[in-house]
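For reference, the structure is listed below as structure tokens.
The values are calculated or read from the model by the stated rules, or taken from the named source; none is laboratory data. Here the structure is a predicted model, which is why all the values come from computation and not from measurement. So basically every Cβ, Gly included, is an ideal-geometry build from the backbone, and we count neighbours across all protein chains shown. Only protein heavy atoms, including side chains, enter the accessible area calculation; ligands, DNA and RNA are left aside. Shrake-Rupley method; radii C 1.70, N 1.55, O 1.52, S 1.80 Å.
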Amino acid sequence: MFNLRSALAAGLLTATACIVPPVAAQATSAQQSASPRATTDLSTGWRFAFGDTTDAPVAATFDDAAWQTVDVPHTWNSIGTYATTRAADSDMRQGPGWYRRSFTLPAGGRAARHFLEFDAVSSVADVWVNGRHAGSHAGAFSRFRIDVTPLLRSGENLIVVRADNSAPAPGNRTEHVIPLGGDFFMQGGIYRGVRLVSVGDAHIDLSDHGGPGVYVNTTGIEGDRATISVRTLLRNSGTRRRALTLMTSIIDAEGKGVATDSTALRLGPGQSQGEDRSLQVPSPRLWQGRADPYLYSVVSELRDGDRVIDRQVQPLGIRSFAFDADRGFILNGTATPLRGVSRHQDMQGKGWALTAEDHARDIAMIEEIGANTVRHAHYQHAQEWADAADRTGMAVWAELPFVHQSSLNGGPASPELIANARMQLVELIRQNYNHPSIVTWSVGNEVDIGAAIAALTKGAKGPPAQSRDMLANVEALARQEDPSRPTVYADCCEDTPSPLSLEGAQKLSDLPQIVGLNRYFGWYYGRPEMLGPALDNIRAKYPGKPIMLSEYGAGGALTQHTDNPLGGPVNAYGRPQPEEYQSWVLEGNWKAISERPYLSGSWVWNMFDFATTSRNEGDATDINTKGLVSYDRETRKDAFYLFKANWADTPTLHLTGRRYTDRAYANVDVRAYSNADRVALSLNGKPIDEAACPDRICVWRGVQLAAGANVLVASATIAGEQVTDRIEWNAPDPARGVFIDAGALVGRTFGDDRYGSDTFFTGGTGRMLSGGRPAAPPPAVDGTENPALFQSYREGSFSYRIPLPDGRWAVTVATFEPDPAGGTGRSFAVKANGTVVIDAFAPQQEAGAPRKAVERSFEVESRGGTLDLAFEPRGGEAVVSAIAVRPL
């Protein structure tokens, strides 16, 4: 349809785009008051019930008095809690939910056309008016309209809606509706707005896949003028020929007209047609993203003589952009790296049923962090959100909900599923075509990962997904629908060390015009610093193609903490997932990103924690905790300030670890994120030192806290402004000893002994006992009253330098043999302050069996404020599960 810019063939990744969206939001008050369209809000007064599988509620005589009274937006689902067990009030029901509402047809004559307009219903909607089926829609995220004119009557009318969010399965109404899966829960309901739109018989077309009927593009910016192409779709639903005038105007943000076009036309009865007009804007002020998101308005009026019979107002952002394989994203000729976050549309306590105020708060928090781009994951987001992105200058990655898999049986996609994906893609593009914020159409996300997960659960055995043909189909359609924006696809697994990199998997990243990569180095695989070389390798594999990092991130539990993120492996599929580990991963990832100017864009996964029923991780149930902000939007995690310090212009100073108030050790490293060059620190009112802040990270090593309460204050001068931050920590008395849970990322308490997570070490590798597959429980360790202390261990050749007051101490080393098949030859020595205190310690031999706890103790004297312990292999590697140092 929209081949307005086929001349882009010489460089498909270059686009000079002029776009638009927030309907009446940008119109002048005169334009709003004179609107010839009548809109009846239908958000209140609905009756709701879940689960009736018959069509009985359709009848006017049906008694819904016992049903719940609700307002729209509404969902019946409630998912996600910050607890290790599912909340009692969780509601994960999937199936049909019924809505009923009566309304009175507005006065003004039945000759007008009346459309029910739903902004979104999940997942499959059926609509009845006065007992007759008016229409259906399959897809949870896009607007749809139904012409209900023949079904209405004067006076009271009854609307009945069935919203079905059944899990996709053979025979379900969602069997051929994307998405078939994904790491988010498909909530049910009329969860966005609904209204009745009344227009005259001749009108700007309301039947174009939920689109505005007016489509705007900048076909050139040359010298002191911009050329704007406007396509207006018109329809005459009446029975007589009409002689009409189409008036198109461009209005600047101050309300002044800058361009006008008028054309006469004739519309026969039942006729629809598109009118293409071209206007010139002199001395255009460009849409410059976050720097200057200037918006014009395009006003399209259909007139019968002097009378305006229909009007549409669309905002217009005049800008050019390109994606370059070497220079990254180019906005109006200037390299502008896209640095931002992904966002899901849910919120704790509200689910998907968000208000305009909720959307505004979300984008305000994304503005606060200093981002200049948002990825709409993994579907079309609300128009209020896209409107706000236009106004705030936030570049948007918009996405089709083709996620996880392309079939239910592992085979090729069905023709019906492909047809549904194509329909949802057309809706996505046409409903959002005019948004200047949108710079790319994503045609899918990890569409092969479902098959890889299925294979992984079967010991890495199973066929790879067959998703390439369907992905190629929708990618070609996206190019056809809108040549002005390039396509992208978010790949999970190509050339990664991930266990989901299934042998024989189809190649997918070559299909779109931009390569998108979801990469989790430091979380699911590898280490954070490995991200950079992995990106370089993909760049070499796809020379000449722009590359974007569509996802990177790590889980961050608000109530789980570590003393050292290098102390042991994170449980990426379970618990724990300490907040400090998330920060460490993102520090390393961001450093790799910032050093690669060829990256057009990157998006942290995710801005907010979000609901999913596939996860019991961190300190939460049914929540993905990779957000920089909590699910309820109340808490900004430490990592939020890492990015704010790097992205925002506002003075930023944030001491990390404020939720880790009761510390396991008195000797700690203190960290802050700041865009200051140097930051001063004081402890309990006494100056500590100034620290430099390379990469916006300030560190004070080995700060000795006082036993009990401590107050730390950081201060700096940033851009002439004095900025401070304050935290309070409680520290143990080191005279009572030190307890280390070796190889553990999070410490534990056993009786009166609090074991901190592994730290103070050099060398070795922290490990967890493995259950053999993700999320599987670890095997038991016998011979101990505290088996949890043996779920982790440090292995290799390693040493500890433990801060201690000078004196005499009793040291207990706890260990076991973790390898039943190969531990018979293991032995190691223990040195204290350079002296061998245990020699040829063989855990399996001394315990009498593998995976059975054994302890050895000795006495030692600490000197100079430290105790040095070394664990030296004699046969195999040394293994230690815990170290307890008690005063004598």
Exercise for the section: Tell me which residues, restricted to the stretch 510-520, are out of contact with any Gly (no Cβ under 8 Å at 6 or more places or on another chain) and either within 18 Å of E446 (Cβ to Cβ) or of a type in the set (A, V, I, L, M, F, W, C) (or both). Expected result: D510, L511, P512, I514, V515, G516, L517, N518, R519
Completion exercise
Of the candidates L338, L354, L408, L331, the one satisfying the condition of being aliphatic (A, V, I, L, M) and touching a Leu at 6+ places or on another chain (Cβ under 8 Å) is L408
Practice task
Count, please, the residues in the stretch 325-337 that happen to be open to solvent by less than 10 Å² (accessible area, probe 1.4 Å) and of a type outside the set (F, W, Y).
Solution key: 1
Fill in the blank from the handout: (1) surrounded by 22 or more Cβ atoms within 10 Å (Cβ to Cβ); (2) in a strand (DSSP E or B); (3) not β-branched (V, I, T) all hold for A322 apart from (1)
Exercise for the section: Read through the list (1) touching a strand residue (DSSP E or B) at 6+ places or on another chain (Cβ under 8 Å); (2) open to solvent by 20 Å² or more (accessible area, probe 1.4 Å), then give the number of the only condition that L206 fails. Expected result: (2)
Practice task
Being open to solvent by less than 20 Å² (accessible area, probe 1.4 Å) and not in a strand (DSSP E or B) is the filter here, so list the residues in the stretch 372-391 that pass it.
Solution key: A377, H378, Y379, Q380, H381, A382, W385, A386, A388, A389, D390
Problem - The listed residue being touching a His at 6+ places or on another chain (Cβ under 8 Å), surrounded by fewer than 24 Cβ atoms within 10 Å (Cβ to Cβ) and not hydrophobic (A, V, I, L, M, F, W, C), out of S407, S414 - result: S414
Practice task
Answer yes or no: is there a residue in the stretch 585-603 that is surrounded by fewer than 24 Cβ atoms within 10 Å (Cβ to Cβ), over 18 Å from L549 (Cα atoms) and among the β-branched types (V, I, T).
Solution key: no
Practice task
Please work out if A832 is at pLDDT 95 or above and not hydroxyl-bearing (S, T, Y).
Solution key: yes
Practice task
Report those strands (runs of 3 or more DSSP E) wholly inside the stretch 105-203 carrying at least 1 residues which are polar (S, T, N, Q) and closer than 21 Å to I309 by Cα.
Solution key: 194-199
Exercise for the section: Please state which one of F841, F828 is among the aromatic types (F, W, Y) and either without any contact (Cβ under 8 Å) to a residue 40 or more places away in the chain or open to solvent by 10 Å² or more (accessible area, probe 1.4 Å) (or both). Expected result: F841
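Per-residue answers, yes or no, for (1) out of contact with any Leu (no Cβ under 7 Å at 6 or more places or on another chain); (2) in contact (Cβ under 8 Å) with a residue 12 or more places away in the chain; (3) more than 21 Å from E301 (Cβ to Cβ); (4) surrounded by 15 or more Cβ atoms within 10 Å (Cβ to Cβ):
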position	(1), (2), (3), (4)
V214	yes, yes, no, yes
N217	no, yes, no, yes
S237	yes, yes, no, yes
L244	no, yes, no, yes
T248	no, yes, no, yes
E254	yes, no, no, no
T260	yes, yes, no, no
Q273	no, yes, no, no
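Every residue, every condition in (1) farther than 23 Å from W385 by Cα; (2) of a type outside the set (S, T, Y), yes or no:
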residue: I190; (1), (2): no, yes
residue: V197; (1), (2): no, yes
residue: H203; (1), (2): yes, yes
residue: P212; (1), (2): no, yes
residue: E222; (1), (2): yes, yes
residue: T227; (1), (2): yes, no
residue: L233; (1), (2): yes, yes
residue: T248; (1), (2): yes, no
residue: D261; (1), (2): yes, yes
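Each row is one residue, and each column tells you yes or no for (1) open to solvent by 70 Å² or more (accessible area, probe 1.4 Å); (2) touching a helix residue (DSSP H, G or I) at 6+ places or on another chain (Cβ under 8 Å); (3) under 23 Å from P565 (Cα atoms); (4) part of a strand (DSSP E or B).
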{"position": "V699", "(1), (2), (3), (4)": "no, no, yes, yes"}
{"position": "Q722", "(1), (2), (3), (4)": "yes, no, no, yes"}
{"position": "E728", "(1), (2), (3), (4)": "yes, no, yes, yes"}
{"position": "A744", "(1), (2), (3), (4)": "no, no, yes, no"}
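Quick grid of which residues meet (1) farther than 20 Å from R659 by Cβ; (2) not aromatic (F, W, Y):
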{"site": "L531", "(1), (2)": "yes, yes"}
{"site": "L535", "(1), (2)": "yes, yes"}
{"site": "I547", "(1), (2)": "yes, yes"}
{"site": "Y552", "(1), (2)": "yes, no"}
{"site": "P565", "(1), (2)": "no, yes"}
{"site": "P578", "(1), (2)": "no, yes"}
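To keep it simple, each residue is scored yes or no on (1) under 21 Å from Y673 (Cβ atoms); (2) in contact with a strand residue (DSSP E or B) (Cβ under 7 Å, 6 or more places away or on another chain); (3) part of a helix (DSSP H, G or I).
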{"residue": "E503", "(1), (2), (3)": "no, no, no"}
{"residue": "L508", "(1), (2), (3)": "no, yes, no"}
{"residue": "L517", "(1), (2), (3)": "no, yes, no"}
{"residue": "D536", "(1), (2), (3)": "no, no, yes"}
{"residue": "T562", "(1), (2), (3)": "yes, yes, no"}
{"residue": "K591", "(1), (2), (3)": "yes, no, yes"}
{"residue": "W603", "(1), (2), (3)": "yes, yes, no"}
Practice task
Within the stretch 54-69, identify whether any single residue is within 30 Å of D205 (Cα to Cα) and open to solvent by 30 Å² or more (accessible area, probe 1.4 Å), and answer yes or no.
Solution key: no
Handout entry: Neighbours by Cβ (under 8 Å, 6+ apart or cross-chain): first from the stretch 847-861, within 9 Å of A810 (Cα to Cα); second of a type in the set (S, T, N, Q) and assigned to a strand (DSSP E or B)
Key = S857/T812
Practice task
Output yes when any residue across the stretch 812-825 is part of a strand (DSSP E or B) and open to solvent by 10 Å² or more (accessible area, probe 1.4 Å), and no when none is.
Solution key: yes
Handout entry: When residues of the stretch 606-616 are limited to those that are closer than 28 Å to G567 by Cα and open to solvent by 10 Å² or more (accessible area, probe 1.4 Å), the one modelled with the lowest pLDDT
Key = S614
